[in-house]
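Chemist: Starting off with a structure, shown below.
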Amino acid sequence: MHRKNKEHLQGNLFYDFPQTMSEFIDMVKETKEYSFYENIFCEIDESIFEPLYCKNNGRPNAPINTMVCALSLKEEHEWSYSEMFSEIKYNLAVRTALGLFSFYGMPFSESTIFQFQNLIYNYELKTGIKLFEKAFDNLVHKHIKKYKIKTDIIRLDSFMIDSNIRKYGRLQFLIEIIKRLYRVLETRDKKRFKKIFKPYNHLTSEHYIYELKSGKIPSELNKIADIYYLLKVNLSPSNYESKQSYKNFIRVFDEHFSLEDKKIRVKIQSEIGSDTLQSPDDTDATYRKKRKVSYRGQSGNVVETANKENDINLILDLCAFPNNVDDSTILNERLDIIKEKTEDLKEAHFDGGFGSEDNDKKMKKLEIKPVQTAIKGRKAEVVIDIKKDEESEEFEVSCPNNQTVKAERTPKRFKACFNKEICKSCPFSDKCPTTVRKNYRVYYFSSEDFLKRKRHANLRHIPPDRRNLRANVEATVREFTRHMQGHKLKVRGAFKAELYLFSVGIMVNFGRIYRYLKKKGENGGLSFIFNFNPLILCQILLKIKQNLLKIDSLFQIQTTYPYYASN
C-alpha cells in the first residue's frame, strides 16, 4: 500500500534532536546536508511511484523519497550498498540529508532497497514508463521554476558507459554460453549430453582456451558449431524457454552460425553485427569502436540549459541508449521530449556527431535553431558556399574566386558547373573540391550537405559570446565519467545504467544549486560530518540529559538516570 513519507515533518519528543537541542539544530541548518534535505529530499514527488504499490491492502511502503535520495548519495560518494547502510546508520550528516532527525532506527532494509529497484524495473518492462526519469524531470521542473532558469538555449553531449562485464574471445565466449546452458539442463538431458559437455565442464572457459594450441582454434570453432547444432535440434524449447541461459544459447546460435545445405557454418567476423550478445551477464550491452577504443555497454546522453543570463544552468534531460546507436539518431528520438520540457526552446548547441538532415528538418518544424560547433570528418581546405531560395527551392553555389552559379538537379543529388577558364586563374585551384570535366569544373552536393553548411553558418551568425556555449557541457560529462574506471560502471544492464545517470544527475544539479545559494549567502556551507566524534557525541548526550531533566521537573516525576548518574 502506498503511503507518503511525512515522518520527517513531525518529530519525536524524546529522540529527535531538533526538539531537544535548539543550538544543535541551528548548526545543522547551516550545513550542505540540510540544504540537500530542503532542495532535493523535500521536493521529490512520491506519488510518481504510487503505481508500484497496491491501493487498498498490504503493508505500507518504505519512505520513497528516502530511498531515492539514498541511491543518489550512494553514487555521489561511490559507496557500496554495505557502506551506504553504514553511513545511514551512523553518520548524522547523511541522516539529516535523508530527513532522519533522530538517533535511532533505519528507514528501510537491504532487501527493501533492492525490491524497490526491481519494482521500478518490472514496471518499466510492463508499461515502458520510466518512473525514476519522471522523478528526475519533476525535480528539474520545480528547480527551473523556483530559480527562474531560462530554457531557450540548450547544449548536449554523449559519452560511453561500459558495462561491468568480462571481455571474451570468440571461442571462449561460445564455450561459456554452453557451460552455463549445462547448469540449467534437466537431469535427463544432462545424462544424454554428458559426453559432449565433459571436455568443458572440468575447466573454466578461460583455462580451456589457455591449454589449446593456437593452430587448433579453427578446428575447435567447427567442433563447437556441431555441438551448438546438436543441442539446438535435440533440446525441447518448452522445457527451457523461461531460462535465461537457454535464451542466450538460442540468440548466440542465430548470431554466430548459419545453416547451408543442412550443414552448420561458423559466420565470419564481418557477418557479426555490433548488437550481438557481448556477455551472458549483460544481455543489453552492445559493441562500439570509437577513436580506436572498444566499448561494450551503453551510451549516455546529457542535455542542459545554457543561457548565459542564468545564475545557474541545470541538467534537464538524461537518457541511456545502446552504444551502437548514432548520436544523431538519439537526438532525433529525444527532440520532441526535450521540446516538451522546454517550450521556449529556440537554440541547440551540439558537436558534429549530432548533426543530420532528419534532425535539421525536425528542428525546423519545432522552431529550434541548430548550432553545430564541430565538423564531422575532414575539414575542407576550400569552402564552397551554398544558399537556397526558400520559395523556388533552387540552390545558388559560390566559390572563393567569386563565381556564383545555379545548381542543377541530377537523379541522386545536385551539381554546380563552374567556368573552367575562370578556374584556371584561381589561386585555390589545386585544393578546390570541384571535379574537372571537359568543359566545366563540377561541384556535387546533396541537400544534407546544404543543411550541414547551414548549421555551421548559424554558429557564425550568433553573437560571439554564444559561440563557445557548448564547451561547458564537457565538464558536465566529466561529472558522470569521474565515477567510472575507464568508462566502466560497477553494475550491468541498461536499467542500472539509467539509474546511475539519474542518480548522478540529481547530485550534479544539487551541487550547482548549493553553490549558487552559498554564493548568495543563503547557506553557511559547513561540513556536517562528525560521526563517531566523541566530543560532539558527549555534547549531544549532555543536551539530552538536560532536556530530560527539564521534562521530569515539569511533570514532577521522580526519575533516576543510572547512565548519567555521575558528572
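Chemist: ILE154 versus (1) in contact with a strand residue (DSSP E or B) (Cβ under 7 Å, 6 or more places away or on another chain); (2) of a type in the set (Val, Ile, Thr); (3) surrounded by fewer than 14 Cβ atoms within 10 Å (Cβ to Cβ): which is the lone unmet condition?
Modeler: Going through the list (1) in contact with a strand residue (DSSP E or B) (Cβ under 7 Å, 6 or more places away or on another chain); (2) of a type in the set (Val, Ile, Thr); (3) surrounded by fewer than 14 Cβ atoms within 10 Å (Cβ to Cβ), ILE154 breaks only (3).
Chemist: Collect the residues in region 287-330 that are assigned to a strand (DSSP E or B), out of contact with any helix residue (DSSP H, G or I) (no Cβ under 8 Å at 6 or more places or on another chain) and either of a type in the set (A, V, I, L, M, F, W, C) or open to solvent by less than 30 Å² (accessible area, probe 1.4 Å) (or both), keeping them in residue-number order.
Modeler: Within region 287-330, VAL293 is the sole residue that qualifies.
Chemist: Now a separate question. Quick one: would you say LYS145 is farther than 30 Å from LEU212 by Cβ, without any contact (Cβ under 8 Å) to a residue 40 or more places away in the chain, part of a helix (DSSP H, G or I) and not polar (S, T, N, Q)?
Modeler: yes
Chemist: Can I ask one more? If I ask for residues that are more than 20 Å from LYS490 (Cβ to Cβ) and either open to solvent by less than 40 Å² (accessible area, probe 1.4 Å) or among the hydroxyl-bearing types (Ser, Thr, Tyr) (or both), which ones from region 268-286 would you list? Quick ask: steps written out before the conclusion?
Modeler: Start the filter on region 268-286 by keeping residues that are more than 20 Å from LYS490 (Cβ to Cβ), which leaves 268-277.
Within region 268-286, SER270, ILE272, GLY273, SER274, THR276, LEU277 qualify.
Chemist: Taking helices (runs of 4 or more DSSP H) that fall entirely within region 449-567, which contain at least 3 residues that are open to solvent by less than 60 Å² (accessible area, probe 1.4 Å) and either at pLDDT below 90 or among the charged types (D, E, K, R) (or both)?
Modeler: Working: elements: 473-481, 494-520, 534-555.
Correct list: 534-555.
Chemist: State whether one or more residues within region 256-265 are in contact (Cβ under 8 Å) with a residue 60 or more places away in the chain, within 14 Å of LEU185 (Cβ to Cβ) and part of a helix (DSSP H, G or I).
Modeler: No: zero hits.
Chemist: What are the pairs with Cβ atoms under 7 angstrom where one residue, in region 106-134, is more than 15 Å from LYS496 (Cβ to Cβ) and open to solvent by 50 Å² or more (accessible area, probe 1.4 Å) and the other, located anywhere, is outside any loop (DSSP other than H, G, I, E, B) and acidic (Asp, Glu)? Sequence gap at least six, or different chains.
Modeler: Hits for this filter: zero, empty list.
Chemist: Return yes when LEU366 is open to solvent by 10 Å² or more (accessible area, probe 1.4 Å), over 21 Å from SER299 (Cα atoms), at pLDDT 85 or above and among the aliphatic types (A, V, I, L, M) and no when it is not.
Modeler: Yes, satisfied.
Chemist: While we're here: Please work out which residue is nearest to ILE513 (Cα to Cα), limiting yourself to region 100-141 and to residues that are of a type in the set (Gly, Ala, Ser) and modelled with pLDDT under 95.
Modeler: The first filter runs over region 100-141 and keeps only residues of a type in the set (Gly, Ala, Ser), leaving 102, 105, 109, 111, 128, 135.
Still in the running and modelled with pLDDT under 95: 102, 105, 109, 111, 128.
Working: SER102: 26, GLY105: 30, SER109: 30, SER111: 33, GLY128: 31 Å.
Only one residue fits best here, namely SER102.
Chemist: Residues of region 423-440 being within 19 Å of ILE386 (Cβ to Cβ) and either open to solvent by less than 90 Å² (accessible area, probe 1.4 Å) or out of contact with any strand residue (DSSP E or B) (no Cβ under 8 Å at 6 or more places or on another chain) (or both), which ones?
Modeler: CYS423, CYS426, PHE428, LYS431, CYS432, PRO433, THR434, THR435
Chemist: Condition first: small (Gly, Ala, Ser) and at pLDDT 65 or above. Can you find one or more residues in region 3-19 that meet it?
Modeler: No: region 3-19 contains no residue that is small (Gly, Ala, Ser) and at pLDDT 65 or above.
Chemist: Looking only at residues that are assigned to a helix (DSSP H, G or I) and aliphatic (A, V, I, L, M) in region 20-52, which one is modelled with the lowest pLDDT?
Modeler: ILE25
Chemist: Mind checking which residues of region 109-138 are among the β-branched types (Val, Ile, Thr) and not in a helix (DSSP H, G or I)?
Modeler: Passing the criteria: only ILE129.
The values are calculated or read from the model by the stated rules, or taken from the named source; none is laboratory data. None of the values given here were measured: they were computed from a predicted structure. Quick reminder, even Gly has a Cβ in these numbers, built from the backbone with ideal geometry, and neighbours come from all protein chains shown. Surface accessibility is based on the protein's heavy atoms, side chains included, excluding ligands, DNA and RNA. Shrake-Rupley method; radii C 1.70, N 1.55, O 1.52, S 1.80 Å.
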